[in-house]
1. Counting Lys and Arg as +1 and Asp and Glu as -1, what is the net charge of the other residues whose Cβ lies under 12 Å from the Cβ of TYR37?
2. Restricting to DSSP H runs of at least four residues, report the calculated mean residue ellipticity at 222 nm for the chain, -39500 (n - 2.57) per run over all residues, nearest 500 deg cm²/dmol.
3. What does the charge dipole of the chain about its Cα centre add up to, to the nearest 20 debye, if the Cβ of each Lys and Arg holds +1 and the Cβ of each Asp and Glu holds -1?
4. Relative contact order for the chain: what percent, with Cα pairs under 8 Å and sequence separation of 6 or more?
5. What number comes out for the charge environment of ARG68, summing +1 per Lys or Arg and -1 per Asp or Glu over other residues with Cβ under 12 Å away?
6. Arrange the peptides 28-35, 55-62, 39-46 so that the one whose residues have, on average, the most other Cβ atoms within 10 Å appears first.
Amino acid sequence: MNIDRNSRYLSQDVHFFAAALSETLVSVWEEDPASVYVEIERGYIECYTPEVVRIRNKETGYLTHYSRDTAMFQRM
């Protein structure tokens, strides 16, 4: 099993668990109509399921849900 320990992208439940537990700042990226990924939010993981991640915005504190199928999550 080859694990890239320097990877900043979150994809597995254990990645989301560690980021939520340590209150790591996370960047959320989604694909725009031109098929380019753009950063849409920065915040902290409040909770996650196999389908959705709930992020608390760093600036406003608002909660937003993102699909794990369509968004990319990156540790900051």
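1. My count for the surroundings of TYR37 gives -4.
2. Computed mean residue ellipticity for the chain: -3500 deg cm²/dmol.
3. My answer is approximately 300 debye.
4. Relative contact order comes out at 32 percent.
5. Residues near ARG68 contribute -3 overall.
6. 39-46, 55-62, 28-35
Read the figures in this text as sums done on the coordinates, not as results from a lab. Computed from a prediction, not measured in an experiment: that's the story for all the values here. Don't worry about glycine lacking a Cβ; one is built from the backbone with ideal geometry, like all the others, and counts go over all protein chains shown.
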